[in-house]
Structure formats: C-alpha cells, structure tokens
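Q: The structure follows.
Laboratory data are not the source of any read-out in this text; all were calculated from the coordinates shown. It should be emphasised that the depicted structure is a prediction, and the values quoted were computed from it without experimental measurement. Cβ coordinates were reconstructed from backbone atoms using ideal geometry, including for glycine residues, and neighbour counts include every protein chain displayed.
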Amino acid sequence: MSTDPFEDASAGYLVLVNDEEQHSLWPDGLEVPTGWRAVFGVGGRAECLAYVGANWMDIRPAGLRAAL
C-alpha cells in the first residue's frame, strides 16, 4: 500500500476540472482546491484515469485553444 495518496491504487479518487478545462485526479477525502470542481467520482484510480482519457482529448488550456 502506498503512503502517497496520489498514487494509492486502492483508494477512491475524484476527477477535477479547472476553468481552463484541465483535468486532475484527486484523492477522495482531501479538500478540493479552490478553482477546481469535481466532475467524476468517487471511483477507483483506473476508472478515473479512463474518464480523463475519454474526456480530455486536447490537453491545451481552454484559453490557448480559444486564442488559436
């Protein structure tokens, strides 16, 4: 079992998104940081990573995409 809550395969996670539409895996039970909102979970690490892979196709920040 990992002591790093961001690397624990047996823990529950959320998928967070910020205003730039960037995604992040976040351990369940930790406070969601200001500027981020939960869009998926609580789920397993693999399930959350699959959600990110299916929903964050263009990793450029939204502001950059809009400027181009």
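Q: Rank-order 56-68, 34-46, 5-17 by packing density, defined as the average count of other C-beta atoms within 10 Å over each peptide's residues, highest first.
A: 5-17, 34-46, 56-68
Q: Mind jotting down the distance between the C-alpha centroids of the range 42-66 and the range 1-33, whole Å?
A: Rounded to whole Å, the Cα centres lie 13 Å apart.
Q: Once the Cα gyration tensor of the range 12-67 is diagonalised, what are the square roots of 5 times its eigenvalues, in whole Å and ordered largest first, as equivalent ellipsoid semi-axes?
A: The equivalent ellipsoid of the range 12-67 has semi-axes of 21, 14, 6 Å.
Q: Let's test the formula: R0 of 35 Å, r as the Cβ-Cβ distance of V39 and D4. What FRET efficiency results, to the nearest 0.05?
A: 0.95
Q: Just how large is the dipole of the chain about the Cα centre, in debye to the nearest 20, putting +1 at every Lys and Arg Cβ and -1 at every Asp and Glu Cβ?
A: 220 debye
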